[in-house]
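Colleague: I'd like to ask you about the structure that follows.
The values are calculated or read from the model by the stated rules, or taken from the named source; none is laboratory data. Quick caveat: nothing in here was measured; it's all calculated off a predicted structure. Quick reminder, even Gly has a Cβ in these numbers, built from the backbone with ideal geometry, and neighbours come from all protein chains shown.
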Amino acid sequence: MGITERLIEDAGLRRGVSLLTPEKIEKTIVAVLQGETGARLKTYAETCMRCGMCAEACHFALSHPGDPSYTPAGKVHQTMSVLLDKKGRVDPDFIYGMAQLAYTECNLCRRCVHLCPIGIDTAYIMSTVRRICHKLGCTPQYMQDTAHSHASTFNQMWVKDDEWTDSLMWQEDEAREEFPGLRIPLDKEGADIYYSVIAPEPKFRTQLIYQAAAIMHMAGVDWTMPAQTGWDNSDMCMFSGDFEVMGRLKRQHFESAQKLKVKRIVMGECGHAFRSVYDVGNRWLGWRWHPVPVIHAVEFYWELIQEGKIKLAKKFPGPVTIQDPCNIVRGRGLQQKLREVTRFLVEGDIIEMHPNMEHNFCCAAGGGVINCGPPFKNVRVEGNAVKAEQLKATGVKTIITPCHNCHGGLHDIIHHHKLGMDLKFLSDIIYECMEKPEA
Amino acid sequence: MNAAYEFVTGPLAWIAWGIFLLGSAWRLISMYQLAKKKDASSWAFLDLGFSLRSIVNWLIPFNALGWRKNPLLTVTTFAFHVCLVAVPVFLMAHVALWTEFFGLSYATLPDNVADIMTLVVLAACLVFAGRRLTQKDVAYITTGKDWLALAIVALPFLTGFLAYHQVFDYQIMLIAHIVAGEIMLAAIPFTRLSHMVFAAFTRAYMGSEFGGVRHARDW
């Protein structure tokens, strides 16, 4: 039982491990443990009573009943506990398994916090394991590719500078047919709202930029998008353990907003990016809070609705269910606002999944797991059978979830389990139902 | 035998209490210094109100999700911890010792109640041990340190129970009981039992993060 019995071949991990020596491993592990960790890791390692209560928390564990190697404590037991016990004296093969486990079998979703009486943050422990793997050069190939893209282009998807502005102008051009007078204002100084997105939006979900522009236009929002780097708020470096590049990305994002002297940053419907900008990157940069206020799209839409700026021509036919994205629910407490926005938009009931809100199950794509690519797809799809059961039990056709990773993860679960359900962003529904100019 | 009794209730008791109190203080202070030095990005978010909110919510049985999902362990662990603290502190025979040595006197538990509470502790230890042996997810993560902590806690209660009921030789059992109790005290700062010292702070930190930054419950 354990990770050694389910190793998956990955080019990045294999090559990274092939270059390791026991000396390098020990030196790196000791350097990270002594240099970058402190009282948190020490107390967590010492006071975990090994009670096993967290087994009930993890979707991976619940989807593999009878296999304790998927429980949160079981995962720590196979990774960080060994590093601490052996003081870093482990062999390269161990690093392969440790990396596969940390990158692909934990979404860093923090549900286990709700089941640990002592309040141990397993996500922090697994992030530290990933940090060590990154320092050892043992990262999954696909995830490392996105990290390289971040490092070279400041965005996740190798989008070139001209392609970025091209995509925005293309969407503006398209949208002006439907919304005469619509603009996607680039680099507008002093705008109320700086709207940032993740790189997959210009790359292959460009309609989301169209929809956001339509909503901003109809709501009369004073907004802008940056023409230069900093526009991508996503962050795979946070998940790969490349905190140095993570810091550069977040600095670029905030500084781009500061240069434009905007009042606030509104982030598109993505969870991990929000975690990175709102909770993680700022700390790495030594900022307690953000130099420019940051809000997630859910909160932004909620505000627009409160101010009466979103006018609907019709309501979206329900019933629907809601997938709570971990990073804006356990990460920002937006569960009630998400429901209020949904109730405003939908005709009919919200059929809740159970558990939900801050006790929700993760989509199993988050935490960078989906970014580890095709070799590990089945790890997350089969590792989230409980989500499939949850979705099925609602009996509805439509799932609303304001998060790119949740979309990616649930899309694969829906197909694998033949659930025949549709996934919607809030902006999909707002765009579909809002008042539009007479064509 | 008298000399042995004198020794375990005299110098050894001072040593055990000394290790417990000074050791706990040293662990807390050095952990505080380490946290200030290495965990600044966590330390900055500590908040008394949110800490207490989290601690209180976790002190209510079946309130937190973790408790609701593990009913047997919840009942066991609450009963265990209450008895574990109350019996040694309020046992009539123990209070008599405080009176004898320091002239201190305070409320006591009736002996028959303390007897039942001792059995509760021992039964809870059996439940904990049973889970470690038979429940796969617990067995998988159980280490020697966990068995050691369990044994250190069970022994003073087992020997105390046997001594009170005068099973085997009373004198020997009494001395064994005192030594076992002293081992437990001295072990608190340096074994898994250190969660007695640290758990409030790990909980407080998580409560502060969830309350002040994430604006969500952590229970």
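Colleague: Which one of these is more than 14 Å from chain B (Cβ to nearest Cβ) and surrounded by fewer than 21 Cβ atoms within 10 Å (Cβ to Cβ): A:Thr146, A:Thr153?
Modeller: Selected residue: A:Thr153, the only one of A:Thr146, A:Thr153 that is more than 14 Å from chain B (Cβ to nearest Cβ) and surrounded by fewer than 21 Cβ atoms within 10 Å (Cβ to Cβ).
Colleague: Does A:Gln100 meet the test of being outside the structural domain of A:Lys27 (by TED's automatic domain parsing), in a helix (DSSP H, G or I), under 19 Å from the mean Cα position of the chain (by Cα) and crowded, with 22+ Cβ neighbours inside 10 Å?
Modeller: no
Colleague: Now for a separate question. Pull up region A:328-337, narrow it to residues that are within 17 Å of the chain's Cα centre (by Cα) and not in a loop (DSSP other than H, G, I, E, B), then point me to the one that is nearest to A:Ser276 (Cα to Cα).
Modeller: Checked region A:328-337; the qualifying residue nearest to A:Ser276 (Cα to Cα) is A:Ile328.
Colleague: With respect to A:Cys362, is the statement that it is assigned to a loop (DSSP other than H, G, I, E, B), at pLDDT 95 or above, on the phi < 0 side of the Ramachandran plot and under 17 Å from the mean Cα position of the chain (by Cα) true?
Modeller: yes
Colleague: Which pairs do you get when a residue that is of a type in the set (Asp, Glu), found in region A:300-327, comes within reach of a residue that is in a strand (DSSP E or B), reach meaning Cβ atoms under 9 angstrom, with the pair 6+ apart or on two chains?
Modeller: A:Glu303/A:Ile295
Colleague: Mind listing whichever residues of region B:180-192 are facing another protein chain (nearest Cβ under 10 Å) and surrounded by fewer than 20 Cβ atoms within 10 Å (Cβ to Cβ)?
Modeller: Of everything in region B:180-192, those that are facing another protein chain (nearest Cβ under 10 Å) and surrounded by fewer than 20 Cβ atoms within 10 Å (Cβ to Cβ) turn out to be B:Phe190, B:Thr191.
Colleague: Quickly run through region A:48-67 and pick out the residues that are out of contact with any Leu (no Cβ under 9 Å at 6 or more places or on another chain), assigned to a helix (DSSP H, G or I) and surrounded by fewer than 22 Cβ atoms within 10 Å (Cβ to Cβ).
Modeller: A:Leu62, A:Ser63
Colleague: Hey, another quick one. Which residue out of A:Ser276, A:Ser234 is surrounded by 20 or more Cβ atoms within 10 Å (Cβ to Cβ) and assigned to a helix (DSSP H, G or I)?
Modeller: Just a single option satisfies the conditions, and that option is A:Ser276.
Colleague: Right, another one. Residue check, A:Gln336 against (1) crowded, with 18+ Cβ neighbours inside 10 Å; (2) out of contact with any Ser or Thr (no Cβ under 6 Å at 6 or more places or on another chain), all met but one. Which one?
Modeller: Condition not satisfied by A:Gln336: (1).
Colleague: Another one. Scan region A:106-124 and tell me whether some residue there is without any contact (Cβ under 8 Å) to a residue 12 or more places away in the chain, over 21 Å from A:Glu46 (Cα atoms) and within 14 Å of another protein chain (Cβ to nearest Cβ).
Modeller: No - not one qualifying residue is present in region A:106-124.
Colleague: Can you find a residue that is assigned to a loop (DSSP other than H, G, I, E, B), more than 14 Å from chain B (Cβ to nearest Cβ) and at positive phi anywhere in region A:341-357?
Modeller: Yes, region A:341-357 has at least one match.
Colleague: If you don't mind, another one. Just give me the residues in region A:166-196 being in a helix (DSSP H, G or I), of a type outside the set (D, E, K, R), over 26 Å from the mean Cα position of the chain (by Cα) and closer than 26 Å to A:Glu303 by Cβ, in sequence order.
Modeller: The answer is A:Ala175, and nothing else.
Colleague: Please tell me if B:Ala176 is at pLDDT 95 or above, away from chain A (no Cβ under 14 Å) and assigned to a helix (DSSP H, G or I).
Modeller: For B:Ala176, the condition - at pLDDT 95 or above, away from chain A (no Cβ under 14 Å) and assigned to a helix (DSSP H, G or I) - is met.
Colleague: Where residues in region B:115-148 are small (Gly, Ala, Ser) and within 14 Å of chain A (Cβ to nearest Cβ), which of them is farthest from the chain's Cα centre (by Cα)?
Modeller: B:Ala139
Colleague: May I ask you to list pairs of residues, at least six apart or on different chains, whose Cβ atoms are under 7 Å apart, with the first in region A:30-56 being within 9 Å of chain B (Cβ to nearest Cβ) and the second being buried (at least 22 other Cβ atoms within 10 Å of the Cβ) and among the small types (Gly, Ala, Ser)?
Modeller: Going by the 7 Å Cβ cut-off, the qualifying pairs are A:Cys48/A:Ala73; A:Arg50/A:Ala73; A:Gly52/A:Ala73; A:Met53/B:Gly66; A:Cys54/A:Ala73; A:Ala55/A:Ala61.
Colleague: So which of A:Asp422, A:Asp428 ends up being more than 21 Å from A:Val113 (Cα to Cα), touching a strand residue (DSSP E or B) at 6+ places or on another chain (Cβ under 7 Å), touching a residue at least 24 places away in the same chain (Cβ under 8 Å) and of a type in the set (Asp, Glu)?
Modeller: The match here is A:Asp422.
Colleague: Looking only at region A:57-83, count how many residues are more than 26 Å from A:Gly137 (Cα to Cα) and either more than 25 Å from the chain's Cα centre (by Cα) or modelled with pLDDT under 95 (or both).
Modeller: 4
Colleague: Tell me, please, whether a residue that is of a type in the set (Val, Ile, Thr), crowded, with 16+ Cβ neighbours inside 10 Å and touching a residue at least 40 places away in the same chain (Cβ under 8 Å) can be found in region A:279-287.
Modeller: yes
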